[in-house]
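What follows is one structure encoded as structure tokens, with my remarks underneath.
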Amino acid sequence: PIDDGLSALRLLGAGERYETYLAHDERRLALVGVKVVRPDLTTDAVARRGLAREAELLVRLSHPAIVRSFGAVLDGPRPYLLLEHLEGPRLSSLVRRHGPLDLEQLAPLGVQLASAAHYMAAEGVVHLDIKPGNVIMGAPARLIDLSIARTVDLLPGRVRPIGTDAYMAPEQCDPVGRGPLTPAADVWGIGDRKSVV
């Protein structure tokens, strides 16, 4: 159990601060995704703040190509986000198993991701980690994991790199020398050829 009426079924993925599970929600009688703070970090202020920021952004963002949130419990013994369960593989898994996408697949995927990035930019949000591992292939494809996303007002003055090394825009790698960070960083993530080859 993760919480009353919320039972983890299997681990979907894990990162430095969080784990994501496929879970059964008895209230909804449905499968959901649950992103929880790792057990060893439940008292870590940075992990808790990051989850709270992601919860706030997901409430703010509503787009067909961005994962939806069903709420969050941030003050319990193990804080978590309740997310829609997305059917489909990650883009990274598809490319690893089957090679580069065909143009017929690539063009609609690019349009869907560009649509999500455009919407986030209009809402003053930058994802900062658009990469194949954060794209669930479905109809439409969905962008997931806003754990390092920031509102544009929090970007000025950044001095440290932020993102996944292999997919960062130059200004993410060196915010002081190449800055400023803007929504253009997400465009780089979408267009990075490592995303599809």
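Brief remarks follow.
- Charge dipole (debye, nearest 20) of region 5-119; +1 at Cβ of Lys and Arg, -1 at Cβ of Asp and Glu: 140 debye
- Taking a Cβ cut-off of under 13 Å around Gly124, the surrounding Lys, Arg, Asp and Glu residues balance to a net charge of -2, with basic ones at +1 and acidic ones at -1.
- Accessible area per residue for the chain, computed on protein heavy atoms with a 1.4 Å probe, is 52 Å².
- With a cut-off of 12 Å between beta carbons, the residues surrounding Pro175 carry a summed charge of +2, where Lys and Arg count +1 and Asp and Glu -1.
- All other residues whose Cβ lies under 12 angstrom from that of Pro64 are scored, Lys and Arg at +1 and Asp and Glu at -1, for a net of +1.
- Among Gly71, Gly110, Gly99, the largest mean-square fluctuation in a Gaussian network model of the chain (Cα springs under 10 Å) belongs to Gly99.
- Computed about the Cα centre, the dipole magnitude for region 130-176 is approximately 120 debye when only Lys and Arg (+1) and Asp and Glu (-1) carry charge, each at its Cβ.
- Axial C-alpha extent at least 18 Å, average Kyte-Doolittle at least 0.5 - helices from the chain (DSSP): 103-122
- Accessible surface of the chain, 1.4 Å probe, proportion on carbon and sulfur as whole %: 54 percent
- Extension gain (nm, one decimal) between Glu16 and Asp102, 0.36 nm per residue minus Cα-Cα: 27.7 nm
- Extension gain from Leu154 to Ala45, taking 0.36 nm per residue of separation minus the Cα-Cα distance: 37.4 nm
- Here region 47-195 is assigned +1 on the Cβ of each Lys and Arg and -1 on the Cβ of each Asp and Glu. Its dipole about the Cα centre then comes out at about 340 debye.
- Put a dot 7 Å past the Cα of Arg38, heading toward its Cβ, do the same for Glu84, and the two dots end up 2.9 nm apart.
- Where a label projected 7 Å from the Cα of Asp4 along Cα→Cβ would reach, residues of region 26-53 with amide N under 19 Å: 26-30
- When you filter the GluC sites (Glu not before Pro) in region 1-85 for DSSP loop state and at most 12 other Cβ atoms inside 10 Å of their Cβ, you are left with Glu16, Glu26.
The values are calculated or read from the model by the stated rules, or taken from the named source; none is laboratory data. Nothing here was measured: the structure is a model prediction, and the numbers come from that model. We place every Cβ from the backbone using ideal geometry, glycine too, and count neighbours over all the protein chains shown. The protein model used for the area step is the full one, side chains on, heavy atoms only, and it has no ligands, DNA or RNA in it. Shrake-Rupley method; radii C 1.70, N 1.55, O 1.52, S 1.80 Å.
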